[in-house]
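Scroll down for the structure; my scribbles are underneath it.
The values are calculated or read from the model by the stated rules, or taken from the named source; none is laboratory data. Bear in mind the structure is a predicted one, so any value in this text is a computation, not a measurement. Cβ placement follows ideal geometry from the backbone for every residue including glycine, while neighbour counts extend to all protein chains displayed.
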Amino acid sequence: MPCDVNKILDELNFSKEEKEKLIQDVRADFPDDEMLFELHVIRAAHHFHEKQSKPGNARNKENS
């Protein structure tokens with residue numbers, strides 16, 4: 001069952017521009033493999049979210 005990467009990115013508070021860029025970048029790497037595309041979007045999204053959520057990060061300060 002395919003996952004909804006847009007829903008996951010929404011839950012992680014990605015902006016429209018961030019979502020579009022991430023999806024475009026990962027799709028370029030995996031144009032014909034939906035499972036690898038989804039896996040790498042989710043991994044990149046969680047990595048980016050953790051990085052942005054660290055104390056002292058400008059994006060984190062905007063959401064405080």
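If the requirement is being at pLDDT below 90 and surrounded by 10 or more Cβ atoms within 10 Å (Cβ to Cβ), which of these qualifies: Phe30, Phe14, Phe37, Phe48?
Just one listed residue meets the conditions, Phe48.
When restricted to residues that are part of a helix (DSSP H, G or I) and within 10 Å of the chain's Cα centre (by Cα), the range 12-25 contains 6.
Out of all the residues in the range 2-11, which are without any contact (Cβ under 8 Å) to a residue 24 or more places away in the chain and assigned to a helix (DSSP H, G or I)? Reasoning before the result, please.
Here is the first cut: in the range 2-11, the ones without any contact (Cβ under 8 Å) to a residue 24 or more places away in the chain are 4, 6-7, 10-11.
Listed by number, the residues that qualify are Asn6, Lys7, Asp10, Glu11.
Checking each residue in the range 27-48 for being more than 10 Å from the chain's Cα centre (by Cα) and hydrophobic (A, V, I, L, M, F, W, C) picks out Ala28, Phe30, Met35, Leu36, Phe37, Leu39.
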